[in-house]
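We did not get these values from a lab; they are worked out from the coordinates using the rules stated. Computed from a predicted model, the values in this text were never measured in an experiment. Every residue, glycine among them, receives a Cβ derived from its backbone with ideal geometry; neighbour counts consider all protein chains shown.
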Amino acid sequence: MTESERIIEILGGTKALGAGAKRTQTLSPLIQRGISFSALLHLKRLYDLSDEFAQRVIAVSQRTWARRNADSRLNAVESDRLYRLARMIARTEETFGSREKASLWLKEPNRALGMQTPLSLLDTDEGARRVEDVLIRIEHGVFS
């Protein structure tokens with residue numbers, strides 16, 4: 001399965017993203033158009049994430065969250081943040097070989113990340129890069 005296919009699956013597949021999700025080589029058009037709010041809810045359910053965490057990751061207030069839910073679509077910036085989260089989850093699943101192991105690793109404090117959970121760092125690009133660096137070290141057998 002390609003990274004894009006894995007990300008599409010994490011975001012709820014064609015049911016949440018529309019039929020065009022499977023036909024495209026890149027997810028850029030979906031991100032620019034705005035990913036559906038149901039894709040965010042699917043990822044949230046899949047990984048048992050709180051509304052508060054999801055709001056922090058996509059950087060919206062409770063009021064904006066309610067509006068996006070009513071509108072059924074995130075804007076392009078919020079969609080890009082959701083894509084970053086889904087991409088990092090996909091990368092973690094690839095590294096650990098299963099959704100269960102990835103979920104556990106993402107939620108446990110990590111010494112290489114200053115005893116922060118990897119999931120808590122995925123709200124910024126810098127944090128995502130730090131998590132990705134640790135995943136690369138794990139893939140290459142470097143103690144992390």
### Query
Roughly how tilted is helix 76-96, in degrees to the nearest 10 and between 0 and 90, from the longest Cα axis of the chain?
40
## Note on the structure
Once amide hydrogens are built 1.01 Å from N within the peptide plane, the residues lying 5 or more places from Gln116 or on another chain with amide H under 5 Å from its amide H are Asn110
### Summary
The value for the chain (convex hull of the alpha-carbon atoms, volume per residue, Å³) is 103
### Task
Just subtract the alpha-carbon distance of Ser72 and Thr95 from 0.36 nm times their residue separation and send over the number in nm, one decimal.
5.1 nm
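Can you put Glu5, Glu93 in order, fewest other beta carbons within 10 Å first?
Details: Glu5 13, Glu93 21.
Ascending number of Cβ neighbours within 10 Å: Glu5, Glu93.
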